[in-house]
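S.K.: To start, I am sharing the structure in question, which I have written as structure tokens.
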Amino acid sequence: MFKEEIIGVLEKQTKLRKEEIENLIEIPPDPDLGDYAFPCFVLSKHFKKSPNEIAIKLASEIKPTKNISEIKAAGPYLNFFINKIKLAEQIIEINANFGKNKIGKGKKIAIDFSGPNIGKPMHVGHIRSTVIGDSLIRTYEFLGYSPIGINYLGDIGLHIGKLIVAYELWLDKTALKKDPVNELLRLYVKFCSKEKSLVQEGFDEEMQDNEWAKKAKEALKKLELGDKKTEKIWTEIRQASGKAFDRIYDLLNINFTETTGQSQFSDKGRQIVMNALEKAIAKKEQDGAVYVLLDKDHKKYIQRSNETASYITYDLGAAVERYKKYKFDKMIYVTDFRQSAHFDALFSILKLMGYDFTPKMVHLPFGTVKFGNEIMATREGQIILLEDVLKKTIEKANEEIKKRKTKGDAEKVGVGAVKYIILKNEPASDVQFSWETALNFEGNTGPYLQYSYARASSILKRAGNFNRNNKKAKIKQLTKEETSLIKKISDFPEIVEKAGKQMNPSLIANYSFELAQIFNEFYHNNKVIGDKEEAFRLRLVQAFRTTIKNSLWLLGIEVMEEM
RNA sequence: GCGCUCGUAGCUCAGCCCGGAUUCAGAGCAGAGGCAUCCUAAGCCUAAGGUCGUAGGUUCAAAUCCUACCGAGCGCGCCA
């Protein structure tokens, strides 16, 4: 909060650009050295003086203000001491809007996330897009943007063809009624194993045009042509899946602005393919398949020879329709990094076709969720169902609550634990999932953060209805723990902005953890109730509680007053 | 072959974008030891644990930037 003021002063004094200063400013390794430091190395060339001399010169030129109490040169560094009392006075005044911003006012950001394939269950690999996307929605909303959450279901494609074939051959109706998720999974896995049994050794298993693959393609073609019987099966699959997805979204407390499926864009996609052909951007093979030449020998097929649409056909259609509908200022696709090439191709084609909104679209790739060394693959049936993960963590939370005889909400704790495991990692890196870490509620975990919130709530509750605007909360001197808590709280707005800019919820997750750690240290060493500083400390606890609540809200993690 | 991502304590990760300050590169988990007349022990404290993949280069200064190499994963489908 006072950092901006320091930047302003330096801007005037050094003639550097604001952003440049912002990047240069750092926090000294020891708080005794100062609260913020400006390294003078960059200026030494310009002023033709040693950084040490420049630091001394600047220290004498910059005058202290009511918020900045002291400016000291220490070697090549110019160290700023902020007036912590003044900062503390501001911190205890914060309210539920703390960290909110208007930088996004009037701007629309569409986010395409989650997008599971119908007919397949969600497993732990699917949760990343879902949870990251949701957190981004919340972050942009917090920053004043108008976010649009789009759940773009994989409701068409060869996997559906496979499933339809399997459904016709081996469906167990009672099983479907009882447990649709597992019955559909069983059908899909059975189909894949049949298909695999025909694969000849040494050949890429999925590239082969064996009889099973042909059957699946036929089923898909029938569906696209509007065959009634096939359509009916498809509808049933979609409905069964939809119910299962909704159950999970409810549990995760995740909402979308709209839920669409790829199938809804096949007409639009095909129309774009036609346009591309007319404009000679796309070419036709002899067998009828349509492609765009992206590199000198990289053909990207945008329509199959049997005239059915491909993945990218739908995405072309969806992109154009979405822009028409929302006129977004930015469109973020939150998907696995393995789709990077697909999005590069998608964006290139849209650009070639002259759609001027293309630069507004970005792909946010994220790494794989790994279980041991395994990467989960639905077709092998080697998966850990997301629903099972959630059930188990909730169950564990229940045990813990019973053990402690508290009033925690097992669902909030269990779901929070799972979300946090995913969000604390930077999107680009892989996530190692294990039951041990998922069921551990200690240390850098969701429940630890919720616990810190609950402790703060508990202190406030015990204090009764203290006067929230107690002006007698005069601050004379701050303890070490109070100081670091105040400074940490003051970082929050900057962190949210950065997380939005970088599309990176892990910044908020890591901040939350550090904040909670500092708070825990604070209340262990500084008694709140009954202390002569009670009035001030209660308000500080309240400020912490507000900040961690907002921070966790951005991650989609719910808090409770007691746990 | 071409291209992308990643190598930081036994394990899981911050820090790298935007290079900086002391004898000390931070956390968490696991393992070792301690804290209960005191606001919830899902907590706190202490000790232990690291040639930041390797080798060069740039720089007054490299975990951070550049190059090469080694290792892991992925992409290069008329799959999604």
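S.K.: Just one of A:Asn97, A:Asn182, A:Asn101 is surrounded by fewer than 23 Cβ atoms within 10 Å (Cβ to Cβ) and free of Cβ contacts under 8 Å to residues at least 12 places away in the same chain; which is it?
M.R.: A:Asn97
S.K.: Now for a separate question. Taking A:Ala509, is it in a helix (DSSP H, G or I), under 22 Å from the mean Cα position of the chain (by Cα) and not assigned by TED's automatic domain parsing to the domain that holds A:Asp329?
M.R.: yes
S.K.: Taking A:Asp329, is it surrounded by 13 or more Cβ atoms within 10 Å (Cβ to Cβ), assigned by TED's automatic domain parsing to the domain that holds A:Ile132 and at pLDDT 90 or above?
M.R.: Considered against the rule, which asks whether it is surrounded by 13 or more Cβ atoms within 10 Å (Cβ to Cβ), assigned by TED's automatic domain parsing to the domain that holds A:Ile132 and at pLDDT 90 or above, A:Asp329 comes out as yes.
S.K.: Would you mind finding the one in A:Arg238, A:Arg270 that is more than 15 Å from A:Arg304 (Cα to Cα) and of a type in the set (Lys, Arg)?
M.R.: Only one candidate passes the filter, namely A:Arg238.
Table: residues versus (1) within 15 Å of RNA strand B (Cβ to nearest atom); (2) touching a residue at least 60 places away in the same chain (Cβ under 8 Å); (3) touching a Gly at 6+ places or on another chain (Cβ under 7 Å).
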position	(1), (2), (3)
A:Ile248	no, yes, no
A:Thr257	no, yes, yes
A:Phe265	yes, no, yes
A:Leu293	yes, no, no
A:Glu307	yes, no, yes
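S.K.: If you don't mind, another one. Could you please give the count of residues in the range A:422-452 that are touching a residue at least 12 places away in the same chain (Cβ under 8 Å) and near RNA strand B (Cβ under 8 Å from one of its atoms)?
M.R.: Counting residues in the range A:422-452 that are touching a residue at least 12 places away in the same chain (Cβ under 8 Å) and near RNA strand B (Cβ under 8 Å from one of its atoms) gives 18.
Listed here are the residues, each with its yes/no results for (1) touching a strand residue (DSSP E or B) at 6+ places or on another chain (Cβ under 8 Å); (2) not aliphatic (A, V, I, L, M).
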| position | (1), (2) |
| --- | --- |
| A:Ala309 | yes, no |
| A:Ala318 | yes, no |
| A:Lys324 | no, yes |
| A:Phe328 | yes, yes |
| A:Ile332 | yes, no |
| A:Leu352 | yes, no |
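S.K.: If A:Lys532 passes every condition in (1) near RNA strand B (Cβ under 8 Å from one of its atoms); (2) in a loop (DSSP other than H, G, I, E, B) but one, which one does it miss?
M.R.: If we test A:Lys532 against (1) near RNA strand B (Cβ under 8 Å from one of its atoms); (2) in a loop (DSSP other than H, G, I, E, B), just (1) comes out false.
S.K.: Determine which member of the set A:Thr445, A:Thr393 is among the hydroxyl-bearing types (Ser, Thr, Tyr), within 17 Å of the chain's Cα centre (by Cα) and buried (at least 19 other Cβ atoms within 10 Å of the Cβ).
M.R.: Exactly one residue qualifies, and that residue is A:Thr445.
S.K.: With (1) near RNA strand B (Cβ under 10 Å from one of its atoms); (2) touching a residue at least 24 places away in the same chain (Cβ under 8 Å) as the list, and A:Glu497 as the residue in question, which single condition is left unmet?
M.R.: Just one mismatch for A:Glu497, condition (1).
S.K.: Something else now. Out of the range A:145-179, which residues are more than 16 Å from RNA strand B (Cβ to nearest atom), crowded, with 22+ Cβ neighbours inside 10 Å and farther than 30 Å from A:Lys330 by Cα?
M.R.: Residue satisfying the conditions is A:Tyr167 alone.
S.K.: Could we say that A:Ile495 is outside the structural domain of A:Asp250 (by TED's automatic domain parsing) and within 13 Å of A:Gly99 (Cβ to Cβ) here?
M.R.: yes
S.K.: Among the residues in the range A:230-242, are any within 22 Å of A:Gly133 (Cα to Cα), in contact (Cβ under 8 Å) with a residue 12 or more places away in the chain and within 14 Å of RNA strand B (Cβ to nearest atom)?
M.R.: As a first pass, look at the range A:230-242 and keep what is within 22 Å of A:Gly133 (Cα to Cα): A:241-242.
When the remaining residues are screened for being in contact (Cβ under 8 Å) with a residue 12 or more places away in the chain, the result is A:241-242.
Next, from what is left, pick out any that are within 14 Å of RNA strand B (Cβ to nearest atom): A:241.
For the range A:230-242, residues within 22 Å of A:Gly133 (Cα to Cα), in contact (Cβ under 8 Å) with a residue 12 or more places away in the chain and within 14 Å of RNA strand B (Cβ to nearest atom): present.
S.K.: Next question. Looking only at the range A:332-345, decide whether some residue is more than 16 Å from RNA strand B (Cβ to nearest atom), farther than 27 Å from A:Val415 by Cα and at pLDDT 95 or above. Talk me through it step by step, then tell me what you get.
M.R.: Step one: filter the range A:332-345 for residues more than 16 Å from RNA strand B (Cβ to nearest atom), giving A:332.
Subsequent filtering for residues that are farther than 27 Å from A:Val415 by Cα retains none.
Checking the range A:332-345: not a single residue is more than 16 Å from RNA strand B (Cβ to nearest atom), farther than 27 Å from A:Val415 by Cα and at pLDDT 95 or above.
S.K.: Please count how many residues of the range A:453-463 are more than 7 Å from RNA strand B (Cβ to nearest atom), surrounded by fewer than 22 Cβ atoms within 10 Å (Cβ to Cβ) and in a helix (DSSP H, G or I).
M.R.: 2
S.K.: Condition test on A:Ser434, is it surrounded by fewer than 19 Cβ atoms within 10 Å (Cβ to Cβ), hydroxyl-bearing (Ser, Thr, Tyr) and closer than 25 Å to A:Thr547 by Cα?
M.R.: For A:Ser434, the condition - surrounded by fewer than 19 Cβ atoms within 10 Å (Cβ to Cβ), hydroxyl-bearing (Ser, Thr, Tyr) and closer than 25 Å to A:Thr547 by Cα - is not met.
S.K.: Six or more apart or on different chains, Cβ under 7 Å: which pairs go from a residue in the range A:333-345 that's among the aliphatic types (A, V, I, L, M) to one that's more than 6 Å from RNA strand B (Cβ to nearest atom) and outside any helix (DSSP H, G or I)? Could you list them?
M.R.: Sorted first by the residue in the range A:333-345, then by its partner, the pairs are A:Val334/A:Ile111; A:Val334/A:Asp112; A:Val334/A:Phe113; A:Val334/A:Leu364; A:Ala345/A:Leu294; A:Ala345/A:Lys300.
The values are calculated or read from the model by the stated rules, or taken from the named source; none is laboratory data. Predicted model only: the values in this text are computed from it and were never measured. Note that each Cβ is placed from the backbone with ideal geometry, even for glycine, and that neighbours are counted across all protein chains shown.
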